[in-house]
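Trainee: Below you will find the structure I want to go over with you.
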Amino acid sequence: MKATASALAVCALFLAVSVVLAQNKPAEGATPSYDPSVYAELQKAPKKARGRTNPLENDPDAVAGGAILFVQHCAECHGKFAEGTRKAPSLRAPEVQNATPGTLFWLLTNGVVRKNMPVWSKLPEPQRWQLVRYIKSLDVSVPAAGTPAPKP
């Protein structure tokens, strides 16, 4: 009986991840205005942090695990599809997608308290790397019409 319940729970988990990944595109018109200044925190990562590599880079389950964690911890502010909201910026922006895994890990670990980005240092390190893996798996969004292209 316990084995059946466990199997059903795992199936439900995979179904939820499949739904999230299948709907990995933001709704048209849902992206807030593009403001490159909100990504300035990425530049503050120390050189040592920027150089860190994701130990889960080749883990086939890391993206799915990160998707679940994203829904639990990040979607409320960054949007269901990481497209950004009034509360938090898009994680599909070129600034985020071009950031190193170590930079994203550093930002998750330290947060940006003055901008209401929580500190996630209490989240176990492997889970933070799963989130990084998921974020890096997202498609890059194009800035909203009428906004300047991001600087390299």
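The values are calculated or read from the model by the stated rules, or taken from the named source; none is laboratory data. Being a predicted model, the structure only gives us computed values, none of them experimental. Please note that ligands, DNA and RNA were not included when accessible areas were found on the heavy atoms of the full protein model with its side chains. Shrake-Rupley method; radii C 1.70, N 1.55, O 1.52, S 1.80 Å.
Trainee: So how do D139, D61 rank on accessible area, 1.4 Å probe, biggest first, that is with the largest at the start?
Mentor: D61, D139
Trainee: Something else now. Report, by chain and number, residues whose modeled amide H sits under 5 Å from the one on V112, excluding near sequence neighbours (fewer than 5 apart, same chain).
Mentor: Under 5 Å from the amide H of V112: M117.
Trainee: Still on this structure, I have one more. Output the pairs from K48/K87; K87/K122; K44/K80; K80/K115; K47/K87 with a Cα-Cα distance over 25 Å in this structure; if there are none, say none.
Mentor: Pairs exceeding 25 Å: K48/K87; K44/K80; K47/K87.
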